[in-house]
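Trainee: Just passing along the structure, written as structure tokens.
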Amino acid sequence: MDLVCQQLKRLNEVMNAALSAREEGSSKRLVFFVRRSLQQFNLYGEWCESEILIDAYLRTRQKIEHGEVIDNFPGYLSSVSFNIIREHHRSRQRKFAACQKMQKSEANVLNTPESPYLDEKTSDFSNLLWESFESLRPKDQEILILRIVKGYSWSEIGDFMVATDKELRNDLALRSRLRKQGERALERLRKAFSSVT
């Protein structure tokens, strides 16, 4: 049996033990570590151990298929799981910061003295912008929504594209391509908006 097959077999054994109802030994410690890390980052209500471990399994499997040799699977999976939890934590912090900015700008808008002229002007501007946005291709719209509205990083957009079966894998080439598509989509939006104003 070649090394990759042996490694994949061992990975499957460790994961089966970790996700089974009767956790014991190193698999029990692995689940406990993931649970404790989720609690440490205040993510325990949002994510559960099995979700993190499955993501860690998929990433580890990919590394093995690309030739990486792993000696200590529980330790390696702990490390990968911890990185995944940190990614989720950073993502939540970014979203929280974006919400804070939106709330501040919303408060500024609400505290602005009322003016029918401003309301009408703002409404016209919004309608023209929305019209311009709707003239874009659906893929351009999706990229702009993910990047600008939801505040996703290019890596997170790549993950979304893979998760929705629009791309095969999230790698550097995909993120670079998505970044270019985003720039072109924004340029098309600018041109569309200029043509209606």
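The values are calculated or read from the model by the stated rules, or taken from the named source; none is laboratory data. Please read these numbers as outputs of a predicted model, since none were measured by experiment. Glycine also receives a Cβ, built like all others from the backbone with ideal geometry; neighbour counts cover every protein chain displayed. Please note that ligands, DNA and RNA were not included when accessible areas were found on the heavy atoms of the full protein model with its side chains. Shrake-Rupley method; radii C 1.70, N 1.55, O 1.52, S 1.80 Å.
Trainee: Using +1 at the C-beta of Lys and Arg and -1 at the C-beta of Asp and Glu, which of Phe193, Leu168, Gly182 has the Cα lying farthest in the positive direction of the dipole of the range 158-197?
Mentor: Phe193
Trainee: For Glu13, tell me the accessible area in Å² from a 1.4 Å probe, rounded to the nearest 10.
Mentor: Probe radius 1.4 Å; accessible area of Glu13 about 90 Å².
Trainee: Compute the FRET efficiency between Asn72 and Ser50 as 1/(1 + (r/R0)^6), taking r as their Cβ-Cβ distance and R0 = 25 Å, and round to the nearest 0.05.
Mentor: Working from the Cβ atoms, E equals 0.75.
Trainee: Shifting gears a bit: Length gain on complete extension for the stretch Lys191 to Arg177, per 0.36 nm per residue less the alpha carbon to alpha carbon distance?
Mentor: Working: separation 14, 0.36 × 14 = 5.04 nm, distance 2.10 nm.
Gain on stretching Lys191 to Arg177: 2.9 nm.
Trainee: Same structure again: Got a sec? What order do Ser78, Ser176 fall in by accessible area at 1.4 Å, biggest, i.e. largest, first?
Mentor: The ordering from most to least exposed comes out as Ser176, Ser78.
Trainee: Taking a probe of 1.4 angstrom, what is the accessible area of Asp2 in Å², to the nearest 10?
Mentor: Roughly 90 Å² of Asp2 is accessible to a 1.4 Å probe.
Trainee: Let me ask something else about it. For Lys95, Lys28, give me the order by solvent-accessible area with a 1.4 Å probe, most accessible first, ignoring ligands, DNA and RNA.
Mentor: Details: Lys95 90, Lys28 115 Å².
The ranking, largest first, comes out as Lys28, Lys95.
Trainee: For a quick check of understanding: with a 1.4 angstrom probe and all protein chains in place, what accessible area in square angstrom does Val69 have, to the nearest ten?
Mentor: My reading of the accessible area for Val69 is about 80 Å².
Trainee: Could I ask something else about it? Which entries of Lys95/Lys139; Lys139/Lys191; Lys28/Lys63; Lys63/Lys139 have Cα-Cα distances beyond 26 Å here?
Mentor: The answer is Lys63/Lys139.
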